[in-house]
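Some notes on the structure that comes next.
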Ligand code: SF4
């Protein structure tokens, strides 16, 4: 899978499916463990991400690293990507036709990585991957089962770290939602419950009744 993901990243590096190809420095495909159980999906690369080719390297990225460390994880333990792989000019919001053009790349990444839990950071990733138009304020912290990449995945919407940077109340909620991630990963990794033993009635003869 790692080799396939790498080959796919090389393919996407030259993608010109939408207008964002014109203004980008480079495609920001994703980073982390190609076999990760936990995948984060943000919105789009910003200035620093576009320069370095790595998602979440600015202030929001530093906060994401801190939140990960708080639950005993590092970047190398998870996979991090965005809905869009090329930077929108001036960090504007993604446009619907850009999301439509790029979503195939994200779905292919999910199919190759096969994460158990996908944490969507903010509105754009949450709406795309849940297939519903409910905003992040309504659905954050509420896991839901969805089919992604042909497999059941636990989708877990949380606030985008960029939104929490300067809003202490939102940061508190983000930290609380983050703290549930180990439990969710543990839940999907738990072995299925043992089937209940089938109780057979003892034949009356065996019981010495006749
Ligand atoms: S945003 Fe996505 S679809 Fe558009 S050019 Fe970049 S990689 Fe291709």
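The values are calculated or read from the model by the stated rules, or taken from the named source; none is laboratory data. Model, not experiment: these values are computed from the prediction. Note that we place each Cβ from the backbone using ideal geometry, even for glycine, and neighbour counts take in every protein chain shown.
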I'd like to verify a number: residues in segment 95-126 that are within 13 Å of the ligand (Cβ to nearest atom) and either within 19 Å of residue 31 (Cα to Cα) or assigned to a helix (DSSP H, G or I) (or both), how many? 15
Has segment 86-94 got any residue that is under 16 Å from residue 122 (Cβ atoms), away from the ligand (no atom under 15 Å from the Cβ) and surrounded by 15 or more Cβ atoms within 10 Å (Cβ to Cβ)? no
Can you confirm whether residue 58 is surrounded by fewer than 23 Cβ atoms within 10 Å (Cβ to Cβ), at pLDDT below 95 and over 15 Å from the mean Cα position of the chain (by Cα)? yes
Residue 64: more than 16 Å from residue 110 (Cβ to Cβ), buried (at least 23 other Cβ atoms within 10 Å of the Cβ) and in contact with a strand residue (DSSP E or B) (Cβ under 9 Å, 6 or more places away or on another chain), yes or no? yes
Among the residues in segment 172-179, are any modelled with pLDDT of 75 or more and surrounded by fewer than 10 Cβ atoms within 10 Å (Cβ to Cβ)? no
Would you call residue 69 touching a residue at least 12 places away in the same chain (Cβ under 8 Å) and either in a helix (DSSP H, G or I) or touching a strand residue (DSSP E or B) at 6+ places or on another chain (Cβ under 9 Å) (or both)? no
Scan (1) away from the ligand (no atom under 13 Å from the Cβ); (2) in contact with a helix residue (DSSP H, G or I) (Cβ under 9 Å, 6 or more places away or on another chain) for the single condition residue 76 breaks and write down its number. (2)
Flag for residue 157 being touching a strand residue (DSSP E or B) at 6+ places or on another chain (Cβ under 7 Å) and over 27 Å from residue 4 (Cα atoms): yes
Among the residues of segment 175-189, count how many are in contact with a strand residue (DSSP E or B) (Cβ under 6 Å, 6 or more places away or on another chain) and within 13 Å of residue 64 (Cα to Cα). 1
Could you check how many residues of segment 1-51 are within 16 Å of the ligand (Cβ to nearest atom), more than 21 Å from residue 152 (Cα to Cα) and surrounded by 15 or more Cβ atoms within 10 Å (Cβ to Cβ)? 21
So which residues in segment 139-162 are part of a helix (DSSP H, G or I) and more than 21 Å from residue 183 (Cα to Cα)? 162
Please state which of the following conditions residue 196 fails to meet, knowing it meets all the rest: (1) in a helix (DSSP H, G or I); (2) modelled with pLDDT under 95. (1)
